[in-house]
Amino acid sequence: MMMTRAYGGLVLASVLLGAPSALGKDGNVPGSAGAERRIEATAGATVPLPISSPAAEYRFARLTVPANFSLSRGLKVGHTWFVSVADLPALTLVPPANFSGEVRMEITFFREAKSDPSTPTLLVVAFIDQQKIAATNSTAALAVSPIEEQEARAPQIVRPISPEEDEGLRRAAELMKDGDVSSARLIYEEFALKGSWMAARTLGETYDPVFLKRLSQSGMRPSVELARKWYAVAAGLGDREAASRMAALPSR
């Protein structure tokens, strides 16, 4: 049975290919014949997913995601999500609050509906409780030299801002001053999807209720969910300030 739905201005074709893959009691997807990739994240944090299409002709991806998790983009059918390839750069995984442990997601790409699927791959996301790690390593930290400690606290290197990106950010800032928030957000999103950590952080600020309290500008409605999403994108690009702001967001 085939279902076709419009999503994000694109037509996303989704096919119910029998029953969804069974999930383990810990929310994992059992076995896959394809390759496996593993990433780590802080327990309970929203995670940008490093997924890209293996070939240009693929139009959408099918991801098997545990029921208590969600994705920032796509169409959900049971435990399965269908995501347009165009939405993959902004795709994030949203876990339950304070979740720690491993989640295994099976990913398959399709060109047209049910036809010609790619080889399934596994993406493993390990949510790590940093407080437990800190407690475990508290005695070992006494043996760290001053040089090692300084290196550990050094800021993560982020990609330099290009002239084109700088011009786009300036243009968006001018639109913000003129009260054209929607147009400014579109520019920020465009550059964020191209890998701009500054654009992603600034876009998150336009939704951050904590940040918006400092401004007297009207027409900017806060959204904790969208602020967290774009801060997560910026943090995934190496912006530690965005990670700190994401942690400071209210739960709702």
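The values are calculated or read from the model by the stated rules, or taken from the named source; none is laboratory data. Bear in mind that the values here come from a model prediction, so they are computed numbers and not experimental data. Note that each Cβ is placed from the backbone with ideal geometry, even for glycine, and that neighbours are counted across all protein chains shown.
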inquiry  = Can you tell me which residue is surrounded by the fewest Cβ atoms within 10 Å (Cβ to Cβ) among those in region 235-250 that are of a type in the set (A, V, I, L, M, F, W, C) and in contact with a strand residue (DSSP E or B) (Cβ under 9 Å, 6 or more places away or on another chain)?
reply    = Ala247
query = Of all residues in region 56-82, which are under 23 Å from Leu226 (Cα atoms) and without any contact (Cβ under 8 Å) to a residue 24 or more places away in the chain?
reply = Leu71, Lys76, Trp81
inquiry  = in contact with a Pro (Cβ under 6 Å, 6 or more places away or on another chain), among the small types (Gly, Ala, Ser) and crowded, with 23+ Cβ neighbours inside 10 Å: is that true of Ala232 in this structure?
reply    = yes
note = Log entry, pairs with first residue in region 192-212 being in the same structural domain as Asp239 (by TED's automatic domain parsing), second being part of a helix (DSSP H, G or I) and of a type in the set (Val, Ile, Thr), beta carbons closer than 7 Å, six or more apart or on different chains, reads Ala192/Val233; Ala200/Val233; Thr206/Val181; Pro209/Val224
message = Can you pull out every residue in region 190-213 that is part of a loop (DSSP other than H, G, I, E, B) and surrounded by fewer than 23 Cβ atoms within 10 Å (Cβ to Cβ)?
response = Lys194, Gly195, Tyr207, Lys213
ask   = Applying the selection to region 182-197, what residues are over 15 Å from the mean Cα position of the chain (by Cα) and among the hydrophobic types (A, V, I, L, M, F, W, C)?
value = Ala184, Leu186, Ile187, Phe191
message = I'd like to verify a number: residues in region 39-69 that are loosely packed, with under 12 Cβ neighbours inside 10 Å, within 15 Å of Thr119 (Cα to Cα) and touching a Gly at 6+ places or on another chain (Cβ under 8 Å), how many?
response = 0
request  = Please specify each residue of region 173-189 satisfying the condition of being part of a helix (DSSP H, G or I) and over 12 Å from Thr206 (Cβ atoms).
outcome  = Glu174, Lys177
